[in-house]
């Protein structure tokens, strides 16, 4: 049986920075903040589906900002998430061309704690392009690159999960896959700009 | 791509993967600092790695999202009014049952021979007969609650006397000398049986049963109490209620 627990902010941030217990940490954020953030979107012209999509984007942005040390702990995780949520949703409304004056007026009164992170979270289409380009990579390459660069597995551990003969063969394959993806990224200047913002904020 | 240094591309990937020794790393970083094209090449690798990590994170959040929506949106089953009423009634009934069971459990576990004895014992009192002016010494001592004197006078008597034996038994019971009380009451019953009389026999039987309860001889007490209860002409028949018999039986089960 799964043990459900809440993390204090400090533990939550430490887990994200170290990449440890990510699944439990993400679940804790859902349990602690999903309903509140969902309520905001649904009470500002959004549907339930909008709220769910925005929450996922907010969560990804939050984790990336923490990993880039952009979350300095000047506010609570809750306040930070609520600001990201508001910012992301209002940008989405503007993109849809139906942002209400009332919402803009309301937004001007808010404290923008995340302004220096604006580049990281604003480029919704750019991020969709990032996902698309990686998704277009072959399944084998995608698997090896994710195991190495996202799961942080060693070559030996990746060898155990694949059918290759040796670690060296896996290493060569990983190199080729990385170069293939690099070419695909470089073929799209807008994509590179998005990734640059993702890295540097 | 910078082809001026053979194997540089592999070295940049090794730097990206954290596979270089500190010395190699320092050398490559120095080369990067002095070569804009090389730095651009490394930035390109960093961007590629960022793309993979972003994709991985998005996938992980997406997978957890499905799980969490199932958990957070778990439907709350609506209960029909009839089922709701049945549920409340059952809850109330269960509550009452627990209270009743608790009451009986308390009664059962808090039952002691002393409690049963105290609830049913009344010190024996001698009747005051009008016109009677002369009382024996033993009766006088009993009236004055000089119980040790009662026992001494009975032992000093030269002739056996049923009444003296009974008063000595009642005095011993007051003094909590249970074995003597039992002996004296039994003697009263025995003497009546021998003489075919009933002098203070009912009293002796009742007080003997109480003495046996206090002595924890529950089997003997139950037998005697049942005899008293079944004998409608017995002086103490009405006093031996089913409650008393049940209590003594429960004590014998403990």
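Scanning segment A:55-71 for residues that are within 11 Å of another protein chain (Cβ to nearest Cβ) and either surrounded by fewer than 19 Cβ atoms within 10 Å (Cβ to Cβ) or within 21 Å of residue A:200 (Cα to Cα) (or both) yields A:56, A:57, A:58, A:59, A:60, A:61, A:62, A:63, A:64, A:67, A:68.
Every listed requirement among (1) away from chain B (no Cβ under 14 Å); (2) not in a loop (DSSP other than H, G, I, E, B) is met by residue A:52 save one, (1).
Test of understanding: among B:70, B:47, B:105, B:74, which residue is at pLDDT below 90, within 14 Å of chain A (Cβ to nearest Cβ), part of a helix (DSSP H, G or I) and farther than 30 Å from residue B:199 by Cα?
B:70
Residues in segment A:136-156 that are surrounded by 15 or more Cβ atoms within 10 Å (Cβ to Cβ) and not in a loop (DSSP other than H, G, I, E, B): A:141, A:142, A:143, A:144, A:145, A:146, A:147, A:148, A:149, A:150, A:155. For segment B:197-239, filtering for residues that are closer than 23 Å to residue B:154 by Cβ and without any contact (Cβ under 8 Å) to a residue 12 or more places away in the chain leaves 1. Looking at A:11, A:23, A:74, just one residue is touching a helix residue (DSSP H, G or I) at 6+ places or on another chain (Cβ under 9 Å), without any contact (Cβ under 8 Å) to a residue 40 or more places away in the chain, at the interface with chain B (Cβ under 10 Å from one of its Cβ atoms) and surrounded by fewer than 21 Cβ atoms within 10 Å (Cβ to Cβ), and that residue is A:23. Scanning segment A:132-145 for residues that are closer than 13 Å to residue A:175 by Cα and within 9 Å of another protein chain (Cβ to nearest Cβ) yields a count of 2. Based on what the data block shows, is residue A:92 closer than 26 Å to residue B:55 by Cβ, more than 10 Å from every other protein chain (Cβ to nearest Cβ) and in a helix (DSSP H, G or I)? Considered against the rule, which asks whether it is closer than 26 Å to residue B:55 by Cβ, more than 10 Å from every other protein chain (Cβ to nearest Cβ) and in a helix (DSSP H, G or I), residue A:92 comes out as yes. Return yes when residue B:176 is exposed (fewer than 11 other Cβ atoms within 10 Å of the Cβ), without any contact (Cβ under 8 Å) to a residue 12 or more places away in the chain, closer than 28 Å to residue B:237 by Cβ and under 38 Å from the mean Cα position of the chain (by Cα) and no when it is not. In short, yes.
The values are calculated or read from the model by the stated rules, or taken from the named source; none is laboratory data. Source: prediction; values computed, not measured. Here Cβ is always computed from backbone atoms with ideal geometry, including for glycine, and neighbour counts include all displayed protein chains.
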